[in-house]
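Structure, as structure tokens:
Where a number appears in this text, it was derived from the coordinates with a stated rule and is not lab data. Quick caveat: nothing in here was measured; it's all calculated off a predicted structure. Cβ placement follows ideal geometry from the backbone for every residue including glycine, while neighbour counts extend to all protein chains displayed.
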Amino acid sequence: MAVPEDVLLALQSMDGYEQMLAMDKIAREHGVSVEQLGAELQSFIQGGVSTQSQMNSPQHKMDVFANEPTQKPAPATPRYIDDPSKLRMRYDPSVEGGERQLDVTQAILCPTCSAPLGIPSTRPIKVMCPNCATESLFEN
């Protein structure tokens, strides 16, 4: 396994959005893809061992030993959050910020750091993430 069992055990205790954010962070820390981490978590939950063919693949070896993290291109479509009502998205305490927050109808994940971002439904929209200061343009 590329991820220690105690980390998988902690992931198993999480659910929903919390687990998704933790999996993204852990995958980057351990140099595996989120899909590989999900497969390891499923095999851990079922009590099995991950397949050796997946661990011995050239792509896996390249990711583990790369000196620089691989850069993912920005997704063409945003990753939406199903239930944004659970999130507290209060970025700007000014009067103008409060008025803009009234227009928030959707929530997406920042393509860089996976922070939740509240946005209106108008497109195209340019969004600056308050967490990592990455600017993204969403057209759909």
* **Note, ³J(HN,Hα) from phi for region 98-110, Karplus 6.51, -1.76, 1.60, rounded to Hz, x at Gly and Pro** => x, 5, 5, 5, 5, 7, 5, 10, 9, 9, 10, 9, 4
* Asked: With charges only on Cβ, +1 for K and R and -1 for D and E, what is the dipole size of region 79-138 about its Cα centre, in debye, rounded to 20?
  -> 140 debye
* To do: Return the sequence-ordered ³J(HN,Hα) values of region 127-140 in whole Hz as given by the Karplus equation 6.51 cos²θ - 1.76 cosθ + 1.60 applied to θ = phi - 60°, using x for Gly and Pro.
  => 10, 9, 6, x, 7, 10, 6, 7, 9, 10, 10, 10, 9, 9
* To do: Show the residues, 5+ positions off or on another chain, whose built amide H is closer than 5 Å to the amide H of Ala115.
  => Cys110
